[in-house]
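Everything on this sheet refers to the single structure shown next.
Bear in mind that the values in this text are calculations on the coordinates, not laboratory data. None of these values were measured; they are calculated from a predicted model. Backbone-built Cβ (ideal geometry, glycine too); neighbour counts: all protein chains shown.
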There are 2 protein chains.
Amino acid sequence: MGKPLDADGLDTIFRTARSANGYNGDPVSEVDIRAIYDLVKMGPTSANQQAARFVWLLSQEQKDALADYSSGTNAAKIRTAPAAVVIGMDLAFNEQLPWLFPHAPDAKNWFPTEEVRRTHAMRNSSLQGAYFIIAARALGFDVGPMSGFDHDKVDAHFFADQPTVKTNFIATFGHADPATIHDRLPRPEFDQFNRVR
Amino acid sequence: MGKPLDADGLDTIFRTARSANGYNGDPVSEVDIRAIYDLVKMGPTSANQQAARFVWLLSQEQKDALADYSSGTNAAKIRTAPAAVVIGMDLAFNEQLPWLFPHAPDAKNWFPTEEVRRTHAMRNSSLQGAYFIIAARALGFDVGPMSGFDHDKVDAHFFADQPTVKTNFIATFGHADPATIHDRLPRPEFDQFNRVR
C-alpha cells in the first residue's frame, strides 16, 4: 500500500486534468519522453505482456506526416503540438514473453490464434495508453488523446518494418494553452454504470 | 497543467506499486468504491464514451461466484479478497452518447457496425480499467488485475439483464498482505519498444 495522494495529486492526474487541444510554446524533450516511459512500463499488464509499441514524434516532419493521416480537427492540433505519440500494439507480443515472463517458459504458446492475440494486445496496449496519459499528467504535462485517423496509413508510415504492429490510438502532449480547453463533458452518476453486489 | 506529483505520489501510482495476490484484513466499503469511481469517470475516453460498466463485489456470495468462473490460481485470490470488480464493456455504449456528448447529436451513429463498436468499447473500457487501477492505488489501495476466467459464464452471471455488456477483465482490491507480492518481473529498456522520430 502506497501513501495516498494528496488533493493536488488527485487533481493533477484525474480531477482537474483536462484534454488539451492546443499548447503553449514550451518544448518537450527526449529526456521528458524517457521519464514518461519509465513510469508507463511499471504499470501492470497481463503476464507482463508490455504489448504497446510507442513511436514518439518530436520532429515537425513526422508530426506533419501523422497530421496528414488524421481527421480534419485533429490534424491542426498535431501539427502545432510540441510532441505527439503513436501508440501501437504488437500482435506478436507473445514472442517476447520468454524474457518478460521468464518463470513460465510456455507462456508464448498461451495465445495460439491471431484473434486471441489481438484481444490481448488491444486490452493491454490500451492499459498502457492510459498509463501514458496518467504518467504524462503526473509529470506536469497535458495530453490530447485522439482516435480519429486512418489506421492503415499510420501503420504503413510508422510501423512499415514491423508488420505485426498495429496502431491503437494517438495523442499530442505538452503544456496546454488554457484557452484551448473545452467545457467539461457530462460525467455519469454512480448508479448509471455501476452496481454493488 | 497540474502540479507534478512528488516522489511519493509517483511511487504510489507506478514505481513501487505492485499487483496484490493476497490482502490483510482491512475491509473495503461502498464509500471507498464510490470514491474510486469518482476518479475513474474523470479520465478521458473517446467522445466521452464511458464504455465501462462496473460490478463491484463486496459480498462473499458474489465473490465466490466470480471465483467459481475463474482459473485455479485466481479463484483463491478472489474468495479471500475484501473486494473484487468485474469490468465490463457496453457494446451499445453509443446509445448513451446523446447525453454524454451532447454537442454532437449524431454521435451515436458514428459506430455503425458491431465490429466498430466492439473495437471502441474494448479500447475505452480498457482505458477505464487502467484508470481504476491507478485511482485505487492513488487512494491507498492495492489491486490484483486478472484476465484468466470464463468470459461466457461471467457475462451470464453478472450481466444477464444487460446482453450488450461483455466482460473485459476482473480484479481484486484492498490492502495487500506484503508476503503475497511476487518479485518484480523484468521491464523493457526504452529502446526495446520505443522510437523517437
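List, in the order given, every pair from A:LYS3/B:LYS166; A:LYS3/B:LYS3; B:LYS3/B:LYS108; A:LYS166/B:LYS108; A:LYS41/B:LYS77; A:LYS77/A:LYS153 whose Cα-Cα distance in the structure shown is over 28 Å.
A:LYS3/B:LYS166; B:LYS3/B:LYS108
Inter-part distance, region B:59-92 to region A:108-128, computed on C-alpha centroids, equals 21 Å. Please state the charge dipole magnitude for chain A, taken about the Cα centre, from unit charges on C-beta atoms (+1 on K and R, -1 on D and E), reported in debye and rounded to the nearest 20. The calculation lands at about 540 debye. Counted over all Cα-Cα pairs of region A:100-171, pairs farther apart than 20 Å make up 47 percent. What is the percent of Cα-Cα separations in chain B that go past 32 Å? That fraction is 21 percent. With R₀ fixed at 56 Å, the C-beta to C-beta distance from B:PHE190 to B:ASN109 puts the FRET efficiency at about 0.85. In this calculation the C-beta distance from B:VAL116 to A:LYS3 is compared with R0 = 51 Å, giving a FRET efficiency of 0.75. Loop only by DSSP, 11 or fewer other Cβ within 10 Å of the Cβ. Give me the GluC sites (Glu not before Pro) in region A:1-106 that pass, ordered by residue number. Here no GluC sites (Glu not before Pro) fit, given the DSSP loop and packing criteria. Based on the alpha-carbon gyration tensor of the protein assembly as shown and its eigenvalue square roots a ≥ b ≥ c, which shape applies: rounded if a/c is under 1.5, prolate if not and a/b is larger than b/c, or oblate? Because its axes are fairly even, with a/c under 1.5, the protein assembly as shown counts as rounded.
Helix content alone sets the calculated 222 nm mean residue ellipticity of chain A: runs of n ≥ 4 DSSP H residues at -39500 (n - 2.57) each, divided across all residues, give -10500 deg cm²/dmol.
Dipole magnitude for the protein assembly as shown: computed about the Cα centre from +1 point charges on Lys and Arg Cβ and -1 point charges on Asp and Glu Cβ, it is near 0 debye.
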